[in-house]
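This report refers to the structure that appears directly beneath it.
The values are calculated or read from the model by the stated rules, or taken from the named source; none is laboratory data. Keep in mind the model is a prediction, meaning the values are calculated, not measured. Counting neighbours? That spans all protein chains shown, and the Cβs are built from the backbone with ideal geometry, glycine included.
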Amino acid sequence: MISTKSARELELMKEAGRIVALAHQAIKEAIKPGVTTKQLDKIAYDVITSNGARPSFKGYNGFPASICASINDVLVHGIPDNTKLKDGDIISIDIGACYKGYHGDSAWTHAVGEVDEKTLHLMDVTRESLFEGLKQAKPGNHLGDISHAIGEYVHAHGYSIPMDYTGHGVGSQLHEDPIVPNYGPAGRGVLLKEGMTLAIEPMVHMGKPQTKTMRDGWTVKTKDGSLCAHYEHSIVITKNGYEILTKIPEMEVKNG
Ligand code: MG
Ligand code: MG
């Protein structure tokens with residue numbers, strides 16, 4: 001069942017989203033060669049808990065950390081550890097925060113030091129595909145319109161989309177109905193309604209779309225070892241369009 005949120009619920013989700021954005025901001029400032037993903041995890045934990053929230057991911061199906069930190073060919077669910085970031089890496093940071101029972105969920109891919117043009121292009125296209133999808137987020141449109149816009153944009157640039165990983169509804173549960181695929185036909189799926197809250201999250205591979213899950217049961221990589229990127233915002237459908245709940249000032253900046 002797809003819920004629409006009350007004004008009070010949306011206030012709590014906006015606060016959750018604001019805290020997620022603060023954690024993203026703090027991590028962005030800390031990312032540089034030599035920093036470990038465990039250090040980044042600690043930064044997010046401190047920001048989230050000092051703002052009266054809890055990390056949504058910690059303990060979710062047994063996930064051991066506050067953030068997912070996914071480097072280079074790791075698509076999603078990388079577990080923070082003592083791995084040091086290197087110049088030329090890219091890292092996708094996924095953060096969830098739960099404030100008074102409501103979740104915000106957002107992911108961002110960062111360059112570590114200097115990365116090459118091809119990598120920057122992958123990041124640009126993935127981030128832009130999120131906003132191409134969001135252009136379709138308004139009452140009266142179908143969910144498939146968002147999915148279609150993302151998929152068309154990504155495929156037009158010659159990249160691929162891992163079919164098994166999708167966006168989702170978000171609210172009192174981290175993952176709610178509906179599933180939000182990153183590809184598919186327009187004009188299908190549920191009609192979007194004011195008050196629906198969705199996490200839209202294109203994931204894009206530079207190479208082939210297949211993935212593999214590592215032995216830890218969490219870490220998902222591109223099967224062909226190609227680079228991948230991941231951008232996500234939690235949004236609410238408004239009367240005339242949408243509002244981003246997890247907006248960070250840097251989101252308008254390329255490769256921020
Ligand atoms: Mg996420
Ligand atoms: Mg999500």
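Considering the range 144-168, the residues that are of a type in the set (A, V, I, L, M) and touching a Gly at 6+ places or on another chain (Cβ under 7 Å) include one that is farthest from Leu198 (Cα to Cα), namely Ile161.
With respect to the conditions (1) within 16 Å of ligand 1 (Cβ to nearest atom); (2) modelled with pLDDT of 95 or more; (3) of a type outside the set (A, V, I, L, M, F, W, C), Lys247 falls short on a single one, namely (2).
On inspection, Met203 qualifies as within 16 Å of ligand 2 (Cβ to nearest atom), of a type outside the set (Asp, Glu) and within 22 Å of Ile244 (Cβ to Cβ).
If Tyr60 meets every condition in (1) more than 16 Å from ligand 2 (Cβ to nearest atom); (2) surrounded by fewer than 18 Cβ atoms within 10 Å (Cβ to Cβ) apart from one, which number is that one? It is condition (1) that Tyr60 fails.
Is it true that some residue in the range 49-58 is among the aromatic types (Phe, Trp, Tyr), farther than 15 Å from Val112 by Cβ and assigned to a helix (DSSP H, G or I)?
Here is the first cut: in the range 49-58, the residues among the aromatic types (Phe, Trp, Tyr) are 57.
Those left that are additionally farther than 15 Å from Val112 by Cβ: 57.
Subset that is assigned to a helix (DSSP H, G or I): none.
No, the conditions are met nowhere in the range 49-58.
Applying the selection to the range 77-116, what residues are of a type in the set (Asp, Glu) and within 16 Å of ligand 2 (Cβ to nearest atom)?
Our first condition is that a residue be of a type in the set (Asp, Glu); within the range 77-116, this holds for 81, 87, 89, 94, 105, 114, 116.
Across the range 77-116, the qualifying residues are Asp94, Asp105.
As a summary of the residue check, Gln136 satisfies the conditions (1) touching a Leu at 6+ places or on another chain (Cβ under 9 Å); (2) free of Cβ contacts under 8 Å to residues at least 12 places away in the same chain except for the one numbered (2).
Of all residues in the range 187-235, exactly one satisfies the criterion of being over 12 Å from the mean Cα position of the chain (by Cα), within 19 Å of Tyr153 (Cα to Cα) and within 16 Å of ligand 1 (Cβ to nearest atom), namely Cys228.
Report whether or not Gly184 is more than 16 Å from ligand 1 (Cβ to nearest atom), within 20 Å of Thr109 (Cβ to Cβ) and of a type outside the set (A, V, I, L, M, F, W, C). Don't jump to the end; show me each part of the working.
Working: more than 16 Å from ligand 1 (Cβ to nearest atom): yes; within 20 Å of Thr109 (Cβ to Cβ): no; of a type outside the set (A, V, I, L, M, F, W, C): yes.
Criteria not met by Gly184.
When Ile79, Ile93 are checked against the criterion of being under 30 Å from Tyr153 (Cβ atoms) and either touching a residue at least 24 places away in the same chain (Cβ under 8 Å) or within 17 Å of the chain's Cα centre (by Cα) (or both), a single residue qualifies: Ile93.
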